[in-house]
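A.B. asks: I am attaching a structure below and will ask some questions about it afterwards.
The values are calculated or read from the model by the stated rules, or taken from the named source; none is laboratory data. Fair warning: this is a prediction, and the values are worked out from it, not measured in the lab. Positions of Cβ are generated from backbone atoms using ideal geometry, with glycine treated the same way; all protein chains shown enter the neighbour counts.
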Amino acid sequence: MSRDDQGMKKGLTNYGDAEFSLFLRKAFIKGMGYSDDALNRPIVGIADTSSGYNACHANVPDLIEAVKRGVMLAGALPVPFPTISIHESFAHPTSMFLRNLMSMDTEELLRAQPMDAAVLIGGCDKTVPAQLMGAASADIPSVQLVTGPMLTGSHRGERVGACTDCRRFWARYRAEEIDDQEIAEVNSSLVPGAGTCGVMGTASTMALVVEALGMMVPGGATAPAVSADRRRIAEDSGRIAAGLAGSALRPSSIMTPAAFRNALTVLHAIGGSTNAVVHLAAMAGRLGIPFDLGEFDKIGRDVPVLVDLKPSGSNYMTDLHDAGGLAPILRELGDLIDLDCMTITGRTLGEELGAAPDAWTQKIVARRAEPLYPQGGMAVLRGNLAPDGAIIKQSAATPDLLRHKGRAVVFRSLEDLAQRIDDPDLDVTADDVIVLQNAGPKGAPGMPEAGYIPIPRKLARQGVKDMVRISDARMSGTASGTIVLHVAPESAVGGPLALVEDGDEIELDVENRSLTLNVPEDVLTQRRETFTSPALPSARRGYKALFLERVLQADRGCDFDFLVEPAKDDET
Ligand code: FES
Ligand code: MG
């Protein structure tokens with residue numbers, strides 16, 4: 001080869017003759033009509049996660065065109081490639097079950113194919129953490145691009161959006177407040193087009209948190225999926241990625257402990273999704289950065305909730321974009337943010353914030369002196385029921401229930417819950433505490449978003465809107481209620497949650513961060529000795545077998561044990 005072939009030489013397939021490997025590679029890529037001039041440039045890979053099953057990514061083909069334009073304007077060669085796409089509603093048993101598979105797919109393709117930098121196009125909840133877990137492990141210069149939030153819909157004159165309103169209308173339907181016709185009408189209005197859920201669900205949360213981490217174009221978190229802004233952000237992502245080719249600004253040098261601290265601060269301030277705690281733990285784990293739930297809780301004691309979006313507040317992502325996106329949030333947080341952290345642009349977070357448009361009067365991001373909620377969105381609970389921690393989204397809970405003692409009403413599994421929750425004879429009152437066991441990472445498996453346990457129908461009909469609910473499951477970021485999640489260790493691996501029986505007294509005290517099972521220790525010891533575990537999921541083959549064997553608990557991000565810690569040179 002007479003030219004130096006820049007990116008094309010990276011990671012040659014091993015035929016035992018490097019020159020021949022390059023010769024073959026070029027023969028095949030030339031089959032797509034590339035000239036030598038095109039191939040003799042840095043290469044920017046573009047991870048394409050479009051899929052006929054993923055409405056949240058319906059604009060990806062459009063974004064790829066804009067990214068390519070940005071890459072070419074900067075003199076590099078864009079090469080899109082497909083990876084797995086995961087949509088929340090089309091991922092059996094759960095999207096969390098598939099997240100690690102997507103992270104492995106992303107990591108291996110970033111490493112296997114020749115590229116000097118990458119633009120990762122994600123959006124729907126698990127896709128962004130999966131891509132950044134993979135990028136952290138491959139440690140190739142990468143820019144995260146998101147598809148952006150969907151617009152809001154309209155139902156009989158009321159503004160609606162997925163999927164806080166999905167849950168609200170479904171709860172009203174269950175309570176027989178609205179009829180079959182109206183629920184069918186709502187169903188057509190909740191998702192009015194391409195893009196991710198328009199409330200502060202996991203997708204919006206991850207977008208803002210990743211911008212705060214420095215892995216995204218400044219201002220890239222909030223532009224609507226179908227806006228011109230979104231395409232310009234995509235073009236800019238391509239341009240920046242081309243500039244990163246060959247640079248030392250790798251994911252490991254941007255996603256530092258200080259950057260994660262910024263991300264956790266923003267997570268509290270936006271009243272973000274509880275799922276983000278699991279994802280950030282997994283992303284940090286990939287870089288060997290310790291993730292301490294206690295530290296997360298401590299940050300939350302000083303960081304108020306500032307963003308008035310559903311489910312903690314009342315607006316939508318498009319409103320936050322119109323209010324300036326992440327910039328006004330960072331400005332309000334001020335000294336709570338480390339502005340010296342480096343970003344993918346080669347400038348610090350502080351320099352980027354200085355270059356953002358000046359603040360204007362708006363009603364979405366509150367002043368720090370007058371927050372929506374005085375503390376962070378989430379609190380970490382501990383106690384004999386959750387020795388390794390549990391999470392509650394206090395900003396979306398009922399204030400009166402944050403300190404509550406009640407009688408446990410226990411469901412052994414998701415099937416048990418489905419069978420009995422609406423039984424008119426169920427012995428339950430509004431003061432009870434509903435407990436769901438065996439819905440954690442291994443128990444269900446895949447830690448489903450089943451933590452949003454429905455209010456028993458007979459109580460819903462009486463107008464009961466919220467109760468204390470506890471599980472080892474997750475909850476959608478779009479849901480609200482006094483709901484304790486991610487109890488670790490989970491019941492399926494012998495966590496104390498497994499020992500709770502009907503009628504036990506459970507005490508929740510969010511102010512003191514405690515979750516206590518008021519049963520004497522000797523009784524618990526006796527229960528432990530005679531405990532027989534219910535039939536748990538098992539698998540003989542395939543990804544499910546791998547998942548059940550190697551998945552870590554929620555406090556470790558539900559990553560696989562063999563993926564934690566950075567790869568060593570001889571492993572890549
Ligand atoms: Fe994709 Fe909500 S379902 S972001
Ligand atoms: Mg979700």
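A.B. asks: When the residues of region 448-484 are filtered to those that are away from ligand 2 (no atom under 16 Å from the Cβ) and touching a strand residue (DSSP E or B) at 6+ places or on another chain (Cβ under 7 Å), which remaining residue is nearest to Leu517 (Cα to Cα)? Reasoning before the result, please.
C.D. replies: As a first pass, look at region 448-484 and keep what is away from ligand 2 (no atom under 16 Å from the Cβ): 453-472, 482, 484.
Subset that is touching a strand residue (DSSP E or B) at 6+ places or on another chain (Cβ under 7 Å): 453, 467-471, 482, 484.
Working: Ile453: 19, Met467: 17, Val468: 14, Arg469: 14, Ile470: 12, Ser471: 13, Thr482: 17, Val484: 14 Å.
Checking each candidate, the answer is Ile470.
A.B. asks: Criterion first (under 27 Å from Ala473 (Cβ atoms), at pLDDT 95 or above, more than 16 Å from ligand 1 (Cβ to nearest atom) and buried (at least 24 other Cβ atoms within 10 Å of the Cβ)) does Ala136 satisfy it?
C.D. replies: Details: under 27 Å from Ala473 (Cβ atoms): yes; at pLDDT 95 or above: yes; more than 16 Å from ligand 1 (Cβ to nearest atom): yes; buried (at least 24 other Cβ atoms within 10 Å of the Cβ): yes.
Yes, satisfied.
A.B. asks: Within the bounds of region 30-38, is there any residue that is among the basic types (Lys, Arg), surrounded by 17 or more Cβ atoms within 10 Å (Cβ to Cβ), outside the structural domain of Ala112 (by TED's automatic domain parsing) and away from ligand 1 (no atom under 16 Å from the Cβ)? Step through it out loud before you land on a result.
C.D. replies: Within region 30-38, the first condition is being among the basic types (Lys, Arg), and the residues that meet it are 30.
Okay, now just the ones that are also surrounded by 17 or more Cβ atoms within 10 Å (Cβ to Cβ), so none.
There is no residue in region 30-38 that is among the basic types (Lys, Arg), surrounded by 17 or more Cβ atoms within 10 Å (Cβ to Cβ), outside the structural domain of Ala112 (by TED's automatic domain parsing) and away from ligand 1 (no atom under 16 Å from the Cβ).
A.B. asks: Using the structure shown, decide if Glu107 is crowded, with 23+ Cβ neighbours inside 10 Å, in a helix (DSSP H, G or I) and out of contact with any Lys or Arg (no Cβ under 8 Å at 6 or more places or on another chain).
C.D. replies: Working: crowded, with 23+ Cβ neighbours inside 10 Å: yes; in a helix (DSSP H, G or I): yes; out of contact with any Lys or Arg (no Cβ under 8 Å at 6 or more places or on another chain): yes.
For Glu107, the condition - crowded, with 23+ Cβ neighbours inside 10 Å, in a helix (DSSP H, G or I) and out of contact with any Lys or Arg (no Cβ under 8 Å at 6 or more places or on another chain) - is met.
A.B. asks: Moving on. Which of the residues spanning region 157-207 are over 26 Å from Lys393 (Cβ atoms) and either within 11 Å of ligand 1 (Cβ to nearest atom) or aromatic (Phe, Trp, Tyr) (or both)?
C.D. replies: Ala194
A.B. asks: I'm checking my understanding of the structure. Among residues of region 249-271 that are at pLDDT 95 or above and in a loop (DSSP other than H, G, I, E, B), which one is farthest from Leu349 (Cα to Cα)? Steps first, answer last, please.
C.D. replies: First, pick out the residues of region 249-271 that are at pLDDT 95 or above: 249-270.
Adding the requirement that they be in a loop (DSSP other than H, G, I, E, B) leaves 249-250, 255-256, 270.
On the way: Leu249: 14, Arg250: 16, Met255: 12, Thr256: 13, Ile270: 18 Å.
Filtering region 249-271 for residues that are at pLDDT 95 or above and in a loop (DSSP other than H, G, I, E, B), the one farthest from Leu349 (Cα to Cα) comes out as Ile270.
A.B. asks: So which residues in region 144-166 are in contact (Cβ under 8 Å) with a residue 40 or more places away in the chain, of a type in the set (S, T, N, Q) and in contact with a helix residue (DSSP H, G or I) (Cβ under 7 Å, 6 or more places away or on another chain)?
C.D. replies: Let us first name the residues in region 144-166 that are in contact (Cβ under 8 Å) with a residue 40 or more places away in the chain, namely 144-152, 159, 161-166.
Within this subset, residues satisfying the condition of being of a type in the set (S, T, N, Q) are 144, 147, 152, 164.
The answer is Gln144, Thr147, Thr152.
A.B. asks: Can you tell me which residue within region 142-199, out of those that are within 16 Å of ligand 2 (Cβ to nearest atom) and part of a helix (DSSP H, G or I), is nearest to Arg457 (Cα to Cα)?
C.D. replies: First pass over region 142-199, keeping only residues within 16 Å of ligand 2 (Cβ to nearest atom): 146-150, 161-168, 170, 190-191, 195-199.
Checking which are part of a helix (DSSP H, G or I) leaves us with 164-168, 170.
Details: Thr164: 20, Asp165: 19, Cys166: 18, Arg167: 15, Arg168: 15, Trp170: 12 Å.
Residue satisfying both the conditions and the ranking: Trp170.
A.B. asks: Quick check on my filter: what residues within region 349-361 are under 15 Å from Ala323 (Cα atoms) and touching a Leu at 6+ places or on another chain (Cβ under 9 Å)? Give the steps one after another, and end with the answer.
C.D. replies: Filtering region 349-361 down to residues under 15 Å from Ala323 (Cα atoms) leaves 353, 356-361.
The answer is Leu353, Ala356.
A.B. asks: Condition (residue is out of contact with any strand residue (DSSP E or B) (no Cβ under 7 Å at 6 or more places or on another chain), part of a loop (DSSP other than H, G, I, E, B) and either within 14 Å of ligand 2 (Cβ to nearest atom) or at pLDDT below 95 (or both)) applied to region 119-128: is it met by at least one residue?
C.D. replies: As a first pass, look at region 119-128 and keep what is out of contact with any strand residue (DSSP E or B) (no Cβ under 7 Å at 6 or more places or on another chain): 125-127.
Pick out the ones that are also part of a loop (DSSP other than H, G, I, E, B) and you get 125-126.
Cutting the leftovers down to either within 14 Å of ligand 2 (Cβ to nearest atom) or at pLDDT below 95 (or both) gives us 125-126.
The answer is yes; a qualifying residue exists.
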